[in-house]
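Here's the structure, in C-alpha cells; my notes come after.
The values are calculated or read from the model by the stated rules, or taken from the named source; none is laboratory data. Predicted model, so just to flag it, every value in this text is computed and none were measured. Ideal geometry is used to build each Cβ from the backbone, glycine not excepted, and the neighbour counts take in all protein chains shown.
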Amino acid sequence: MVGVSARARGVVRKLAFSSGALPLLHRSRNSNTLTVVMFHRVLAINDERWTHADPRYTITDEQLDQCLEFFGDHYSLVDAEAVRAAARGERPLPARALLVTFDDGWADTYQYALAVLRHRRCPAVVFVVSSAVDSSHAFWQERLLRAWKVRRDPDALATAWRRAGRDGDPPPESWQSLETIRRLISRLRPLVPEARLAIVEQVEEKVPPGRPEMLTRAQLRSLHDAGVEIGAHGVTHEALAESMSGIAELPESKAQLSELLDGASVLTMSFPHGSYDAELLRAATTEYELVFTSDGILNAVVDGRPPAVLGRIEIRAGPIVGADGAVSAELLAVWLFRRSHATVAA
C-alpha cells in the first residue's frame, strides 16, 4: 500500500506540474517573495572527491545546471546588490525574485559551479569560511567522513567513539552504514575544537591525503573577478551560537576576507550551520548589510522591499532528483513553490 501511495503521489505531482497548475499557483502565490537557495558542494561524478563527499550536501555539475535552468524558467534571477538596493528602498525587486548562494568556500565552487553559473548567466553569492582559504583540509566533519569511506577502520572509529564521551554508550557493532558515522559526528560536535581535532586526526592517521578541498586565494579572487559576490561565513565554521568566539567572528571574518580580496568590501554573511540567536542576529545586522540564515522560508517582499535578514532554502539531491539521476522539475517545484511566506524574526 505504501508503494502504491507513493506512486500515486508521484502521478499527482507530475500532473500538477505538467498541466501548468503548479507553475500558475507559483506565479500568483509567490509574486511578492524573494527565494534564496543554498548549495554546498558541486562535483563531477568522475572527480575522485565525489566518492567521499557528503551526499547530503553534494550535487553534480549537471544537476546544478538543471536547477539553474529551472530557476531561469520560473523566477527572476537577481544578484546581491539588487537585493541590497531593494532593502534600502532604492528600487524594487522584480516579481518572484531568486538569489543563488553557495556555502563554505569549497574549491569545487570555482572548479565546477562557476562554469555553470556563467553558462546560465546566473549571479551568485559564495559565503566563505575565512580561515579555510588556502587550506588543503576540509572541515572536521568531512575529514571524518572521508576517513570512514577511504579506510573504514573499525578499531580507530570505535576508539574515537569512546574518546568522544564517557557516558558508557558502546560504539556501533558495525561501521558499514553512513548513519553510524553521522552518529559519531554528533557525538564529537559538543567537544572543544582542539579535542575534537585530535580525535579526527587519530582516525585519519593511516588515510592517504586527497586533493585539496578548499578555495585557494587565487581561486577566491577569480570568483570575485568573475562577478561572484564573496560573503562571510565565519572564521572557524563553528556553530556561532554555541561558540565562545561567536560574536567576535562576525567582524574578524569580514576583515580577513577583505584582506584576501585586496580590500574589497564584504557586505553579506550567512550563519555557519544556520546557528544564531537574538544577540548574534543584532550584531550581524550591524556589521553587514544583508544577513542570511538557513530558515527554509520564502522571504516576504512588501512593496518590492525585502528584509535585511533573509531565510534560505537548501537545495540537496535527495528531495529533487529522480531515479534517473536528473533533477525532476516537478519535485523541485514542490520543494520550493509551497514554502511558507515569512520574515526572519530580527
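Within region 127-143, take every residue that is among the aliphatic types (A, V, I, L, M) and in a loop (DSSP other than H, G, I, E, B) and give me the one that is modelled with the lowest pLDDT. The residue in question is Ala138. Scoring Cys122 on the criteria (1) of a type in the set (A, V, I, L, M, F, W, C); (2) more than 24 Å from Trp50 (Cβ to Cβ); (3) in the same structural domain as Asp79 (by TED's automatic domain parsing); (4) part of a loop (DSSP other than H, G, I, E, B) leaves a single failure, condition (2). Restricted to region 11-61, and to residues there that are in a strand (DSSP E or B) and in contact with a helix residue (DSSP H, G or I) (Cβ under 6 Å, 6 or more places away or on another chain), the residue that is surrounded by the fewest Cβ atoms within 10 Å (Cβ to Cβ) is Leu43. When Arg211 is tested against (1) closer than 30 Å to Val83 by Cβ; (2) charged (D, E, K, R); (3) in contact with a Ser or Thr (Cβ under 9 Å, 6 or more places away or on another chain), just one condition goes unmet, and that condition is (1). In the set (1) in a helix (DSSP H, G or I); (2) touching a residue at least 24 places away in the same chain (Cβ under 8 Å); (3) not aliphatic (A, V, I, L, M), Gly231 fails one condition alone, (1). None of Gln63, Gln111 is within 20 Å of the chain's Cα centre (by Cα), within 27 Å of Asp134 (Cβ to Cβ) and polar (S, T, N, Q) except Gln111.
The selection criterion, being closer than 20 Å to Ala124 by Cβ, of a type in the set (A, V, I, L, M), touching a Phe, Trp or Tyr at 6+ places or on another chain (Cβ under 8 Å) and in a helix (DSSP H, G or I), does not hold for Leu336.
With respect to the conditions (1) touching a residue at least 40 places away in the same chain (Cβ under 8 Å); (2) surrounded by fewer than 21 Cβ atoms within 10 Å (Cβ to Cβ); (3) in contact with a Ser or Thr (Cβ under 9 Å, 6 or more places away or on another chain), Pro154 lacks only one, and its number is (1). Only one residue in Ala97, Ala82, Ala86 is surrounded by 17 or more Cβ atoms within 10 Å (Cβ to Cβ), in contact (Cβ under 8 Å) with a residue 12 or more places away in the chain and touching a Ser or Thr at 6+ places or on another chain (Cβ under 6 Å), so which one is that? When all the criteria are applied, what remains is Ala97. The listed residues are Ala308, Ala284, Ala329, and the only one of them that is touching a residue at least 24 places away in the same chain (Cβ under 8 Å) and in contact with a Phe, Trp or Tyr (Cβ under 7 Å, 6 or more places away or on another chain) turns out to be Ala329. Out of curiosity, is Ala226 assigned by TED's automatic domain parsing to the domain that holds Val116, without any contact (Cβ under 8 Å) to a residue 12 or more places away in the chain and exposed (fewer than 14 other Cβ atoms within 10 Å of the Cβ)? So Ala226 does not fit the description; no. Among residues of region 181-199 that are free of Cβ contacts under 8 Å to residues at least 40 places away in the same chain and assigned by TED's automatic domain parsing to the domain that holds Ala147, those with a beta-carbon under 8 Å from a residue that is small (Gly, Ala, Ser) and assigned to a helix (DSSP H, G or I) at least six positions away or on a different chain give the pairs Arg187/Ala164; Leu191/Ala164; Ile199/Ala160; Ile199/Ala164. Residue-level check: of (1) surrounded by fewer than 17 Cβ atoms within 10 Å (Cβ to Cβ); (2) over 28 Å from Tyr112 (Cα atoms); (3) modelled with pLDDT under 95; (4) not assigned by TED's automatic domain parsing to the domain that holds Gly165, Ser243 misses just (1).
When Arg146 is tested against (1) within 30 Å of Leu114 (Cα to Cα); (2) outside the structural domain of Thr101 (by TED's automatic domain parsing); (3) outside any helix (DSSP H, G or I), just one condition goes unmet, and that condition is (3). Among the residues here, Ser136 qualifies as in contact (Cβ under 8 Å) with a residue 24 or more places away in the chain, within 25 Å of His273 (Cβ to Cβ) and surrounded by fewer than 18 Cβ atoms within 10 Å (Cβ to Cβ).
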